[in-house]
Structures are given as structure tokens and as C-alpha cells.
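Colleague: The following block contains the structure, expressed as C-alpha cells.
The values are calculated or read from the model by the stated rules, or taken from the named source; none is laboratory data. Remember, predicted model here, so these are calculated numbers, not experimental data. In this analysis, Cβ positions are derived from the backbone assuming ideal geometry, glycine residues included, and neighbour counts consider all displayed protein chains.
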Amino acid sequence: MTDWMDRPLADIADALQQGNVTAEEIAETAIARHDAWDDKLTAYKNWNPEGALDQAKAADHALKTHNKLGALMGIPISVKDIYGVEGFPIFAGSPKQLPEKFEKEGPVVKAVRRQLCVIPGKTHTVEFAFGGLGINPHWVTPRNPWDAENHRAPGGSSSGAGVSLLEGSAKIAFGTDTGGSVRIPASLTGNVGIKTSRGRWSTAGIVPLSTTFDTPGILTRSVADAVFGFEAIDAKSRHSSTKIRARELSEVRLGVTKDYFWDKCQDDIASVVEGTIAELIDGGAESRDVSLPEAHEAVEVMAGGIIAASEGYEFLTNELPGWAELLHPIVSGRMYTGRDSLALDYMTALRRVQQLWLRAEAQLADVDVLATPTIPITPPIVSEVEDMEAYVAANMLTLSNTMAGNSLNLCGVTIPVGLDNAGMPVGLQLLAKLHDEETLLSVALAVEAKIGTPKERLGPSPLGGSN
């Protein structure tokens, strides 16, 4: 019997269109996977199996009447609980439900709803998306499925997104990425994650952290699935007759840097990523040395927190009065930087990063992508970062490489390329120029064609799926 939740998205969509499987059957499998693993993995803040089956039946009815509404008909999609989704409450990781107006769907969710996808639930998030480890003391911290012995951090702030994919209850997971919040959980859970360019996808209908850096994105189980999902969601792609295809490796100009992105990297992780880059070069990719001192400066500005914290605190003050007082200390310690900063501090920091955007684009002019490690450290065991000092140190290390993508105004993808000495996934980060997702994803497809899918490269996770 074919277990469709383990098949590529393109195969599932084709089988649905051909009538070889029903959306209801797929939804039932997703629900069974969740029932089997939820007690251990806790990916979801809200779970609605009855609603999922109703959505699946609606998709089946449209399929039977040959009413083709899009590539995502009947596909299970989890949504981070920072997006408005009608029929679901929204908490955005806070201890109190947000007002009903925040349940209104924005263009990104509407794009998949119009295609009659199936949304079975909303996944956990760090409080107001402000944290890279995925920890939320108000609720629960989802468990990273790659460690059967220890409760390790799943990555944040889209903390339940990657876990939902490994659980087997979703084929696409929506997240948001302000400083790495799609790429971090994707990398730490052995998934693929796309950070879209700022402005490529609308942030309307998503509770904001930073109007300067927020970007929606998706996580999937492979690059092929990520491209399939991207093209189905992305308005530009839906109206284009040109599909994203894998480049020949011989046509790829791979930017390689030995500065900022490697400075904090564990030796075992650096070895895995360096070995993967060597594979790509041996396969025909052209390696070009890139110096990007702008990365250190831009991350230094972003890590100072003035921009994101000022914009986040302003939102809480004016749209959710009283919510700032509910913040857990691991979030309030950073968010209150915005409360305590001067307008001059904010404008100065903003001017600095905007100047760096132009310099970074010039530095990447002669390459298709920049290749770096995604996360420089093994995800910590949650109990080991309960102390505030330990949390802050691990959080900033986890964010250090991905923040460069946001603070330099780039788009990016992370691809699983191996396991570290603790048996945890290691990601290769590819960064490309603003609004150059087509190049970014065509290169990512070429990488996957060379090294194999995450399942082929990593093997199965100890927890989750059909195990």
C-alpha cells in the first residue's frame, strides 16, 4: 500500500488529479501520524482533525467535478500560529488569545485556501516570533525528532513547523523569517526552508515582529517539494509559463567565503558543509571567493536589537495594549530594547543596514549564490538553556548565520547535507540577491540532484513519520 504522506508533493498532486488517492485518505493518514506522535513531539498549538476532514471532502468534491483550483488541492499544510487563519484562534505564542481581528487571513493563506488545501492545525511559535531556539515557557517547546533520548531545541521561532513535517501531519509548513525563523527550524530538523525576499510575499494577516525584516516562508521535506510549494503560492510564479528547473552544476557560480559565517562554527558542522561544497565543485560548480565583511557589520546592528525590538514594541503598544506586560523574560529582555531606545538610535541603525544592503548586493554581483553553514552549533538540550545567560548565548549563536540573510536584504534557502557528531542535522545555507528566488531555487534543485534528497542524505529521524 502506498503511504502518500511519504511521497513527493508532485506525485501526490498528480495522484489526486488522476483519482488514484483521495484527499480524505491523505488527511486520514496525516491525522493518524499526529495521533501517534503528538504526545512526544507536540508540534501544534491548535489541532482540528474534524475540520481537516471537512476540508479534504471539499477538495475531493472539486476534484471529482474536474474543478482544478490549483496544485495544492487536498495537500495538508500546517500554519505557524502567527498567521491569521479563519476558524482557528491565534495566540502568536503569548499566554492570552489575541483579538478576533487577528484571525483574518492575509494573501499568503488565502492563496492556499483558494486551492482547497487542507489545514489541520496551527503550529507552536516563540512568543511574538522573537527567538531562534524555539523555546516558549508559556506553552510547550516542540521536541526535535532527531534525538530520541533528549528534548533538544527544534529551532525557532517557527518551532512547530519543522516538527510537523517530521511528524508526518503536513507536507508544507508555513513559517516566518525575521532573523532566521524559517531556516533555523528547517535546518535543525533536517528539512528544507525558504526565506523569501522582503516584499515578495505579503505580510498582511501575519502578526508582525519587524516591518523591516519580516518575511513569510515555507518548510518542506525536500527541495523539489519546496519549489512545488513556492510556485503554487507565489503570485509571480502562478502567472508565469516558465517553471523553475534545476541548473546544470557546470552553470552554477558558487560564492564561497571563509570569514564571518565560519567564525563560530563547530568543527564537525564546518567539516560537513565544507565537504558538501567540495562535492558540488567536484560535480562541476564554479567556486568563486567572496569577501563579505558587510555580514559582520549588518548582524552586529541586527543583534543589537534596536530595529526589530523598536518595531515589535511599537506594535504591542498600539495594537495589543497590555500584552507587553505578559512577555516572558526570555523575550521581554530583548523586546524592551525597543522601549528603551531613542528614535535617533532606531533611525541610525536603520540607515546603517540600508547602506549595507547596497554594498552586499554589489559583493554578490558575480555569483549566483553564497554558500555557508546554516547553523554553526548543535541544537542545545532544552534543560541546558533554562538559565537566562545560557539561553541568550545559545540563542545568538543559533541566529548568527541566518541573521545575515535578513540584515543584508537577501533571499535564502537551507538544505540538509549531513549529521553532526551528535547525530543532529546540518544545513547548507544558500543566499541570493533580493528577488532572485528563481536563481536561488534552480541552484538548490541542482544541489539536491547532486547530493540526494534529505531522506537519502540523512536517513530517517528517530522519532516521527511512519516509524
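Colleague: State all residues of region 403-418 that are touching a strand residue (DSSP E or B) at 6+ places or on another chain (Cβ under 6 Å) and either surrounded by fewer than 22 Cβ atoms within 10 Å (Cβ to Cβ) or of a type in the set (Gly, Ala, Ser) (or both); if no residue qualifies, say none.
Modeller: Gly405, Gly412, Gly418
Colleague: So which residues in region 260-302 are more than 25 Å from Met424 (Cα to Cα) and in contact with a Cys (Cβ under 9 Å, 6 or more places away or on another chain), if there are any at all?
Modeller: none
Colleague: Output the helices (runs of 4 or more DSSP H) that fall wholly within region 1-75 and possess 3 or more residues being surrounded by fewer than 19 Cβ atoms within 10 Å (Cβ to Cβ), charged (D, E, K, R) and touching a residue at least 12 places away in the same chain (Cβ under 8 Å), or say none.
Modeller: 23-41
Colleague: Is it the case that Ser237 is outside any helix (DSSP H, G or I) and among the polar types (S, T, N, Q)? Talk me through it step by step, then tell me what you get.
Modeller: Details: outside any helix (DSSP H, G or I): no; among the polar types (S, T, N, Q): yes.
In short, no.
Colleague: Condition check: in contact (Cβ under 8 Å) with a residue 24 or more places away in the chain and either part of a loop (DSSP other than H, G, I, E, B) or under 30 Å from Leu344 (Cβ atoms) (or both). Does Ile307 satisfy that? Explain how you work it out, then say what you get.
Modeller: Working: in contact (Cβ under 8 Å) with a residue 24 or more places away in the chain: yes; either part of a loop (DSSP other than H, G, I, E, B) or under 30 Å from Leu344 (Cβ atoms) (or both): yes.
So Ile307 passes the test.
Colleague: Let me ask something additional. Only one of (1) within 25 Å of the chain's Cα centre (by Cα); (2) among the hydrophobic types (A, V, I, L, M, F, W, C); (3) buried (at least 19 other Cβ atoms within 10 Å of the Cβ); (4) under 27 Å from Leu431 (Cα atoms) is not met by Ile330, so which one is it?
Modeller: Going through the list (1) within 25 Å of the chain's Cα centre (by Cα); (2) among the hydrophobic types (A, V, I, L, M, F, W, C); (3) buried (at least 19 other Cβ atoms within 10 Å of the Cβ); (4) under 27 Å from Leu431 (Cα atoms), Ile330 breaks only (4).
Colleague: Moving on. Name the residues in region 254-284 that are in contact (Cβ under 8 Å) with a residue 60 or more places away in the chain and among the β-branched types (Val, Ile, Thr), would you?
Modeller: Residues satisfying the conditions are Val256, Thr257, Ile269, Val272, Val273, Thr276, Ile277.
Colleague: Another question about this same structure. Could you go through region 268-291 and let me know if any residue there is of a type in the set (S, T, N, Q), modelled with pLDDT under 95 and part of a loop (DSSP other than H, G, I, E, B).
Modeller: Yes: one or more hits.
Colleague: Residues that are modelled with pLDDT of 95 or more, touching a Phe, Trp or Tyr at 6+ places or on another chain (Cβ under 6 Å) and surrounded by 15 or more Cβ atoms within 10 Å (Cβ to Cβ): does region 313-324 have at least one?
Modeller: Yes.
Colleague: Looking at region 214-224 only, could you name the residues that are buried (at least 24 other Cβ atoms within 10 Å of the Cβ), outside any strand (DSSP E or B) and either among the aliphatic types (A, V, I, L, M) or over 12 Å from the mean Cα position of the chain (by Cα) (or both)?
Modeller: Passing the criteria: only Val223.
Colleague: Identify the single condition in (1) surrounded by fewer than 18 Cβ atoms within 10 Å (Cβ to Cβ); (2) in a helix (DSSP H, G or I); (3) in contact (Cβ under 8 Å) with a residue 40 or more places away in the chain that Gly423 does not satisfy, given that it satisfies every other one.
Modeller: (2)
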